[in-house]
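Engineer: Here it is, the structure, as structure tokens.
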Amino acid sequence: MTSAAQPTSGVHSIERAVSILRVLADTPADADAAHPGLALKSIAQEVHLSPSTTHRIIRTLVDTHLVTQDPVTERYQLGPLAGVLGRKYLSSIGLESVQPILQRLCSLTGESTSLAVLHNDTAHVVAQKHSAQALRVDHLSGRELSLHASAMGKILLAFSAQEIDTAVQQLGKLEKFTDSTIASPVELTAHLHEVATQKYALNIGERYDGANGVAVPVLPYGKTSQHIQYALGIQGPSTRLTPQRMHELIDACTQAAAEITELGLSVA
């Protein structure tokens, strides 16, 4: 009885530890310049665990250098080992070389830029550059975006190895986040066929009111197949990133995607 329960307990502990790391990864470095990081109570609320359980797990993460704690504020941030692992991952598939391209696109447009891959039923952000604007929309590395309610997600769906109809069916029930979210499978399927034809996707407040985005596919290097691994996106507040502005940025985004294609990235 005990031996059968141990693996389950171990898996749950790992899942809880990962959820804590995700919460810390989703916290912008400049969210609170005076008090960076998150307090234990805030982390516990985010991962839906008691403070005592959260503290027990996070102490192990601190001991293994995946998390660090400020001795003065007692707040937690990702630790040095998390950085080492992240850099190793980026290097292993060539993503470090993407950073200058994302930065140039960010500087050119004045908005945040990001690169995402298809991971299970989400668009997984693997690289990003933050806008210098005080009011901005960021997709932090490691964040998972809803496929049907994000520009990069819709690109990944429209250019996946599966038929669009099949890909949409596998998403199951589509959550409606805002009044603009496409929650009808039939409507989403028709929309994705348009995305595949025009080779760009827009997100006009479909996940968050006031947050817009435009994305294009990073076509595979040296291949005739249109099935992609990566989507490149620009995100910003609707006050600046209007539908007209997003259409104006498609060429710049497409050019940056072509530069990334030339890098010949490995599969993420």
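Engineer: Within the stretch 84-96, restricting attention to residues that are surrounded by 15 or more Cβ atoms within 10 Å (Cβ to Cβ) and assigned to a helix (DSSP H, G or I), which residue is modelled with the highest pLDDT? Give the derivation first.
Structural biologist: So in the stretch 84-96, the residues surrounded by 15 or more Cβ atoms within 10 Å (Cβ to Cβ) come out as 86, 90, 93, 95.
Restricting the remaining residues to those that are assigned to a helix (DSSP H, G or I) gives 86, 90, 95.
Values: G86: 70, L90: 63, L95: 77.
Among them, the one singled out is L95.
Engineer: Can you name every one of the helices (runs of 4 or more DSSP H) wholly within the stretch 159-268 that holds 3 or more residues which are closer than 18 Å to Q103 by Cα and open to solvent by 30 Å² or more (accessible area, probe 1.4 Å)? Before the answer, list the steps.
Structural biologist: Values: elements: 164-170, 185-198, 243-263.
Correct list: 243-263.
Engineer: Here is a follow-up. Evaluate the stretch 97-104: report whether one residue or more is free of Cβ contacts under 8 Å to residues at least 40 places away in the same chain, part of a strand (DSSP E or B) and open to solvent by 10 Å² or more (accessible area, probe 1.4 Å). Give the steps one after another, and end with the answer.
Structural biologist: Applying the first criterion (free of Cβ contacts under 8 Å to residues at least 40 places away in the same chain) to the stretch 97-104 yields 99-100, 103.
Narrowing further to those that are part of a strand (DSSP E or B): none.
No - not one qualifying residue is present in the stretch 97-104.
Engineer: Which ones in the stretch 111-136 are touching a Leu at 6+ places or on another chain (Cβ under 8 Å), touching a residue at least 60 places away in the same chain (Cβ under 8 Å) and either outside any strand (DSSP E or B) or among the hydrophobic types (A, V, I, L, M, F, W, C) (or both)? Walk me through how you get there before you give the answer.
Structural biologist: Step one: of the stretch 111-136, the residues touching a Leu at 6+ places or on another chain (Cβ under 8 Å) are 111, 113-118, 121-129.
With touching a residue at least 60 places away in the same chain (Cβ under 8 Å) added as a condition, the list becomes 111, 113-118, 123-124, 126.
Answer for the stretch 111-136, where residues must be touching a Leu at 6+ places or on another chain (Cβ under 8 Å), touching a residue at least 60 places away in the same chain (Cβ under 8 Å) and either outside any strand (DSSP E or B) or among the hydrophobic types (A, V, I, L, M, F, W, C) (or both): E111, L115, A116, V117, L118, A123, V126.
Engineer: If you scan the stretch 61-83, which residues turn out to be outside any loop (DSSP other than H, G, I, E, B) and open to solvent by less than 80 Å² (accessible area, probe 1.4 Å)?
Structural biologist: First pass over the stretch 61-83, keeping only residues outside any loop (DSSP other than H, G, I, E, B): 61-63, 67-69, 76-78, 80-83.
Hits for the stretch 61-83 are L61, V62, V67, T68, Q69, Y76, Q77, L78, L81, A82, G83.
The values are calculated or read from the model by the stated rules, or taken from the named source; none is laboratory data. The shown structure was predicted, so the numbers you read here are calculated from the model rather than taken from an experiment. Positions of Cβ are generated from backbone atoms using ideal geometry, with glycine treated the same way; all protein chains shown enter the neighbour counts. Note: areas computed on protein heavy atoms with side chains; ligands, DNA, RNA excluded. Shrake-Rupley method; radii C 1.70, N 1.55, O 1.52, S 1.80 Å.
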